Amino acid sequence: MIAIGSDHGGFKLKEEIKKYLDEKEIEYKDFGCESDERTDYPIYAMAVAKSVQNKECDKGILICGTGFGMTIVANKFKGIRCASCWNEDVARFLKEHNDANIIALPGRYINVSEAVAILRAWFGAQFSEGRHSERLKMIEEIENKNMK
Ligand code: RB5
């Protein structure tokens, strides 16, 4: 189950991504927003991050204008690893090296086919483990020291 959310900057792309997920029969839960009226990205980033953190959803997709605001909020949640991706290569590395459980997309800078290619690369990649697992352990230690 995928959690998906956007602000107004990502709304149109979110609706297109939902069509792709429907086509592929990938289940998702839409946490909003509901239109391209101006709203605030922390609302949707928080909802998606919580649903992944508490395992209601397996992974998340967040879309705002740049992907940056969503990323900043999502990474405030312990156990969440999220970054904004603008092409397939970085999306693949986001899974292979960082085992990210949420991907953010820059809705104002990529089109629908680029977004779909990015998601396919991220969905299709596997975490590489090895030295990358050691780095995730280091992140976990930092979280344990710095987050409640
Ligand atoms: C909204 O104008 C914009 O700031 C937002 O979509 C996002 O890009 C923030 O990081």
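Details
- In segment 1-24, the residues that are farther than 12 Å from I63 by Cα form Cβ pairs under 6 Å with partners that are more than 12 Å from the ligand (Cβ to nearest atom), at six or more places apart or across chains, as follows: M1/E27; M1/C57; M1/D58; I2/Y28; I2/K59; Y20/V116; L21/Y28.
- Scanning segment 115-140 for residues that are farther than 16 Å from L94 by Cβ and not in a helix (DSSP H, G or I) returns a single hit, G130.
- Residue pairs whose Cβ atoms lie under 6 Å apart, separated by 6 or more positions or on different chains, with the first residue in segment 95-107 and on the phi < 0 side of the Ramachandran plot and of a type in the set (V, I, T) and the second surrounded by 22 or more Cβ atoms within 10 Å (Cβ to Cβ) and assigned to a loop (DSSP other than H, G, I, E, B), are I103/C85.
- Residue, surrounded by the most Cβ atoms within 10 Å (Cβ to Cβ), within segment 7-48, restricted to residues that are among the aromatic types (F, W, Y) and in a helix (DSSP H, G or I): Y44
- Lone unmet requirement of (1) within 16 Å of the ligand (Cβ to nearest atom); (2) closer than 22 Å to K148 by Cα; (3) surrounded by fewer than 19 Cβ atoms within 10 Å (Cβ to Cβ); (4) not acidic (D, E) for M70: (3)
- Flag for S51 being assigned to a helix (DSSP H, G or I) and either among the small types (G, A, S) or near the ligand (Cβ under 10 Å from one of its atoms) (or both): yes
None of the figures in this text is laboratory data; all of them are computed from the coordinates on show. None of these values were measured; they are calculated from a predicted model. Ideal geometry is used to build each Cβ from the backbone, glycine not excepted, and the neighbour counts take in all protein chains shown.
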